[in-house]
1. How far apart, in nm, are the 7 Å Cα→Cβ label points at N279 and D292?
2. At 222 nm, what helix-only mean residue ellipticity would the chain give, in deg cm²/dmol to the nearest 500, using -39500 (n - 2.57) for each DSSP H run of four or more?
3. Grab the alpha carbons of segment 389-441, take their convex hull, and tell me the volume per residue in Å³.
4. Please give the FRET efficiency for H303 paired with A345, using the beta carbon to beta carbon distance and R0 = 22 Å, rounded to the nearest 0.05.
5. On a full-extension model of 0.36 nm per residue, what is the gain between D269 and L401, subtracting their alpha-carbon distance, rounded to one decimal in nm?
6. Cut-off is 10 Å between beta-carbons; in what order do K247, K61, K403 appear when sorted fewest neighbours first?
7. Starting with the highest mean, order 179-186, 226-233 by the number of other Cβ atoms within 10 Å, averaged over the residues of each peptide.
8. Count the lysine pairs in the chain that are 8 or more places apart or on different chains: how many have C-alpha atoms under 26 angstrom apart?
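The numbers here are math on the coordinates, done by the rules we state, and not lab data. Note that the structure is predicted; figures quoted are calculated from it, not measured. Positions of Cβ are generated from backbone atoms using ideal geometry, with glycine treated the same way; all protein chains shown enter the neighbour counts.
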Amino acid sequence: MCRVHSQIPAVCSSSGGTVGRILIVDGDASVRGSLRLLLEAGGFEVHVAASPREALERVVKATPDVVLLDAAVSQGPRADFLRELHRRAPMAPVVLLTGAGGVEAQGHRHLPKPIDPQELQRALDALIVPHVGELVGASPTMREIERLVVRLARSPASTVLITGESGTGKNLLASVLHRASRRADEPFMNITCSALPESLLDSELFGHERGAFTDARERKIGLLERAKGGTVFLDEIGEMSPALQGKMLRFIEEKTFRRVGGHEDIRADVRVVAATHRNLEDACRMGTFREDLFYRLAVLTVHVPPLRERTEDIEPLVRSFMNRFAEDFGKRVLDIEPEALARLAAQPWPGNVRQLRNLVERAVLLADDAVLRVRDFRERDRKRPSGSWPLPDEGIDLEELEKDLVRQALVRSRGNRSEAGRLLGLNRDQVRYRIQKFGLE
Ligand SMILES: Nc1ncnc2c1ncn2[C@@H]1O[C@H](COP(=O)(O)OP(=O)(O)OP(=O)(O)O)[C@@H](O)[C@H]1O
Ligand SMILES: [Mg+2]
């Protein structure tokens with residue numbers, strides 16, 4: 001127990017005072033007691049309940065940040081109980097404590113009993129530090145990343161480097177890092193270094209003085225100044241020119257910079273989060289990236305491995321995208337068949353999480369059932385059918401089919417009528433006509 005006690009405070013009680021409120025619902029007094037000790041030592045305010053009835057009574061006053069719920073307690077009419085609990089404490093996520101053998105319940109975190117203090121600490125960190133829960137995943141890697149994000153979000157560190165292949169979640173991570181940090185109320189400025197020529201990027205970042213160059217008719221305040229107190233996210237930093245890399249390095253080390261054409265040193269407290277899909281060590285060797293900047297950035301690196309190296313993340317990602325898109329599209333899609341999941345888990349995912357997300361989005365659109373099936377995930381490798389759709393024996397409702405296809409095209413094009421038209425072989429006016437006709441606005 002002592003070993004355990006000394007672990008929790010290290011991470012949880014850095015902010016002083018209570019670090020969060022927990023409601024424990026467990027029929028076993030010894031479990032309640034030991035969890036209480038553990039959590040109180042970690043700085044949490046703890047409330048306990050021995051039954052669902054008691055839990056419903058307590059939950060309104062206690063306003064817990066998290067409910068730890070023994071899965072056995074909630075058996076029987078569990079759905080009703082959970083619904084009522086959620087109604088009374090809509091902000092509190094539930095973590096199910098499962099006994100031997102485990103009880104499957106979708107949509108909730110699980111912790112197997114006996115509770116591993118480190119696992120408990122990780123789950124609570126992710127749930128209580130805001131937004132960290134947006135990082136979906138179940139692999140040890142993802143857990144490690146969550147822990148790192150929690151620590152970085154609370155630390156005063158002024159730079160973070162995020163590396164990983166395209167689509168692994170670097171942008172998401174940068175945004176979570178900002179929103180989970182003390183800088184959350186200050187600006188988050190995002191710039192893609194590969195999107196601008198060097199001189200433009202220079203004045204976007206650092207600003208310029210009036211007359212600094214021919215077109216500089218007014219003074220311009222750059223991102224670093226506008227982001228004061230917040231975070232600047234430098235995406236694709238591997239594409240930044242060596243000269244700008246030098247200016248960034250100076251800014252990171254001295255916290256000061258000059259506007260283009262300016263002579264005054266300007267101070268700005270900004271966290272720099274940089275991301276790249278390139279191997280910066282290779283780039284250093286090839287002379288395209290400055291070693292000094294690389295070593296400065298590499299001090300705090302979060303590497304997000306490709307999805308194929310963390311296949312345990314696939315199922316939770318699929319389920320979370322499935323729920324999100326089902327809600328977006330107003331479709332009742334609740335589950336995925338095991339065979340479909342197994343096939344997804346076996347794919348190489350060169351486009352990583354983004355590719356998986358797009359595939360799930362399409363599957364939810366195609367699903368004609370509450371369960372996603374293998375056929376819903378078939379890649380579009382067939383040519384566009386033209387002229388010969390096999391008409392099913394039982395016939396179809398042409399009007400309904402047309403309406404559904406137009407709706408799908410609009411959803412996929414995010415409401416862009418020209419783009420929807422391209423998918424349907426129609427022009428914009430024809431799309432507009434059908435939107436009115438089917439009442440799809
Ligand atoms: N762990 C995750 N949990 C939930 N969603 C994720 C996760 N990782 C990635 N995503 C989602 O996958 C998509 C791609 O992620 P993101 O844009 O952050 O990738 P990226 O690494 O920045 O890609 P690129 O290198 O192409 O810019 C986004 O919709 C993002 O929200
Ligand atoms: Mg990105």
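1. Those two pseudo-labels are separated by 2.6 nm.
2. Computed ellipticity for the chain at 222 nm equals -13500 deg cm²/dmol.
3. 74 Å³
4. Given R0 = 22 Å and the Cβ-Cβ separation, E is 0.50.
5. Separation in residues times 0.36 nm, less the Cα-Cα distance, equals 41.9 nm.
6. Fewest to most other Cβ atoms nearby, the residues stand as K61, K403, K247.
7. In descending order of packing, they fall as 226-233, 179-186.
8. Taking the Cα cut-off of 26 Å, the pair count is 13.
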